[in-house]
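Report on the structure given below.
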Amino acid sequence: MLSPLLQVYKRCKLEFVSGKGAFLRSKQGKKYLDLGAGIAVNSLGYAHPKLVKAMIKAAKKPWHVSNLYEISGQHELATKLVSNSSCDQTFFCNSGTEAIETAIKIIRKYYTSKKQAHKKEIITFEHAFHGRTIAAISAAGSAKYKEGYAPLLEGFVHISLEDLNIAKVKKAVNKNTAAILIEPIQGEGGVHVFSNKFLKELELLCTDKKIIFAVDEVQCGVGRTGKLFHHQWARVKPDIIAVAKGLGGGFPIGACLVKREIGSSMTPGSHGGTYGGGPLSMSIGNAVMDQILKPGFYDKVKEKGEIFKEGLELLQRKYPEIITDVKGEGLLLGLEIKQDYVKLVEIIRENGALTIPASNDVIRIIPPLIIKKKDIKLALSILDQSLEQFKNND
Ligand SMILES: Cc1ncc(COP(=O)(O)O)c(C=O)c1O
């Protein structure tokens, strides 16, 4: 039968009917340890009691009223975000790509309002992924997402990662440069971590050249590496931060945070959206943030990330002919695989764990942040068993 669905996804024939903590159960009754968290979304795992409670409470109240009216949860969630970041204002939307779209619009509006409309160029990086709107694919560095969509949006300068250093970025800055936009850890691009030193140098360059420093924390943010945002490890203070995924713990929420001086160029009517910041999403976003901001939460993520990474490094030593690198920070980790990495993802899945391919050769490990240490042990033993099978199948 021909599918009534647009065929844009390569799905595996697996349907989940329930979940608890870091585990999912399929229709066939098989239990899976989820090391993908719905692509870094389910930060608090499945059926978290606080999130279920927040959802039920909000479900009994109006689901939608529009941004024509006050929505109390917005103020509360925005306060949690800005008081824990370098920014002062928040725009709520529904996805990461909308958060990026908002960032690009704010950058353009800011310079237009300063009568410097020629400043339109945004510097981005090879292999970056910023979402799927025309603006986001134009901003990104990866050709595969752009194919067939010309004409793309003008105004992006892409820097290759080969021999990347600050001098190379400096060379790309000119009188038309408006901003630098970077994912502090590239997720889709293959778990590529930019060093704290490089992020600091980028910030200094932006200050020196009076351009906007924008970060895409959609995948690496919201506690995933043991701080609210990964860039905070580098002690940098970006002007704009795009957030999504983990913020909703499974409910679609995006947010673009901005420093007041830049955000004040946005006036009533200059941007908006029907659904962004709705009561349901705010109730859940607030419940997620309350858990993430609990004392000790980040330390646990950091510790679990280290345990996981050490375990993966041991596996690399055991299977050097398969694993060429162990990458990432916190609970955003990746195994660089020399051979057919998609086949390995399948074997891991057959053995009861879900991982996510990235780039052309990386297996991403991005579990719910609440994963237990004993489940990390289980994950490592499933990976070990799968690598052994993969080696023998080869
Ligand atoms: C770094 C980054 N930015 C933006 C996006 C787009 O987010 P969304 O799929 O919610 O639109 C993603 C999604 O994977 C991402 O990883």
In region 43-84, which trypsin sites (Lys or Arg not before Pro) fall in coil by DSSP and have 11 or fewer other Cβ atoms within 10 Å? K60
Amide H neighbours of A353 under 5 Å, counting only residues 5+ apart in sequence or on other chains, H built in-plane at 1.01 Å? L33
Can you run phi through the Karplus equation (6.51, -1.76, 1.60; θ = phi - 60°) for region 122-134 and list ³J(HN,Hα) in whole Hz, with x for Gly and Pro? 10, 8, 10, 10, 3, 6, 5, 10, 10, x, 10, 5, 4
D (Stokes-Einstein, µm²/s), Kirkwood Cα radius, region 144-230, 1.306 mPa s at 10 °C: 110 µm²/s
Candidate cut points under GluC sites (Glu not before Pro) in region 320-377, DSSP loop plus at most 14 other Cβ atoms within 10 Å of their own Cβ, are E321
Springs between alpha-carbon atoms under 10 Å, Gaussian network over the chain: tell me which of S85, S195, S283 tops the mean-square fluctuations. S195
Take every Cα-Cα pair in region 192-316 and report what % of them are more than 26 Å apart. 33 percent
With θ set to phi - 60° and the Karplus curve 6.51 cos²θ - 1.76 cosθ + 1.60, what are the ³J(HN,Hα) couplings of region 19-31 in order, to the nearest whole Hz, using x for Gly and Pro? x, 8, x, 9, 10, 10, 10, 7, 4, 7, x, 8, 8
Testing the spin-label approximation: label points 7 Å from Cα along Cα→Cβ at Y149 and N196. State their distance in nm. 3.5 nm
If one puts a single equal scatterer on every Cα of region 62-113 and applies the Debye formula without solvent, what log₁₀ I(q)/I(0) results at q = 0.12, 0.21, 0.30 Å⁻¹? -0.35, -0.97, -1.15
For region 317-359, the Kirkwood Rh over every pair of distinct alpha carbons, in Å, works out to 11.2 Å
Under a 5 Å amide H to amide H cut-off, with H placed in plane at 1.01 Å, what residues pair with I123 once short-range neighbours are removed? V157, A178, A179, I180, L181
In degrees, nearest 10, the alpha-carbon axis of helix 341-350 is tilted away from the dominant principal axis of the alpha carbons of the chain by 60 degrees
Gain in span if fully extended, D290 to V65, counting 0.36 nm per residue against the direct Cα distance: 78.6 nm
What aspartates and glutamates could a cross-link reach from K171, if we take a straight Cα to Cα line under 19 Å and drop same-chain neighbours fewer than 8 places away? E121, E126, E162, D163, E201, E203, D208
Scaled by the rule-of-thumb 2.2 N^0.38 Å, the alpha carbon Rg for region 181-266 gives a ratio of 1.08
Which whole number of Å³ per residue matches the convex hull of the alpha-carbon atoms in the chain? 159 Å³
Here the gain from full extension of E162 to V342, 0.36 nm per residue of separation minus their alpha-carbon distance, amounts to 62.3 nm
So what J values fall out for region 73-85 if you push phi through Karplus, 6.51 cos²θ - 1.76 cosθ + 1.60 with θ = phi - 60°, rounded to Hz, Gly and Pro as x? x, 5, 4, 5, 5, 4, 5, 4, 6, 6, 6, 10, 8
For region 107-183, the Kirkwood Rh over every pair of distinct alpha carbons, in Å, works out to 13.1 Å
Can you show me the helix-derived [θ] at 222 nm for the chain, built from DSSP H runs with n ≥ 4 at -39,500 (n - 2.57) apiece and divided by the number of residues, rounded to the nearest 500. -11000 deg cm²/dmol
Note down the nm distance, to one decimal, between modelled labels 7 Å out along Cα→Cβ at V52 and at L2. 4.3 nm
Compute the separation of the alpha-carbon centres of region 61-95 and region 227-293 and state it in Å as a whole number. 8 Å
Per 10 Å bin, what is the whole-percent P(r) computed from every C-alpha pair distance within region 278-394? 13, 42, 26, 14, 4, 0
Using a Gaussian network model of the chain with C-alpha springs under 10 Å, which one of L332, L181, L293 is most mobile by mean-square fluctuation? L293
Please report the antiparallel percentage of DSSP beta bridges with both residues in region 160-277, rounded to the nearest 5. 45 percent
Where nothing but the Cβ of Lys and Arg (+1) and of Asp and Glu (-1) is charged, how large is the charge dipole of the chain around its Cα centre, in debye to the nearest 20? 920 debye
Under 5 Å, built H, 5+ apart or other chain: amide partners of D325: E336
Rounded to one decimal in Å, the inverse mean reciprocal Cα-Cα distance for region 1-81, i.e. its Kirkwood radius, is 16.2 Å
Explain nothing, just the number: relative contact order of the chain, from Cα pairs under 8 Å at least 6 residues apart, as a whole percent. 23 percent
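Read-outs: derived from the displayed coordinates by stated rules, not from any lab. Quick caveat, the model's predicted, so the values are computed rather than measured. Cβ sites come from the backbone with ideal geometry, for glycine too, and all protein chains shown count toward neighbours.
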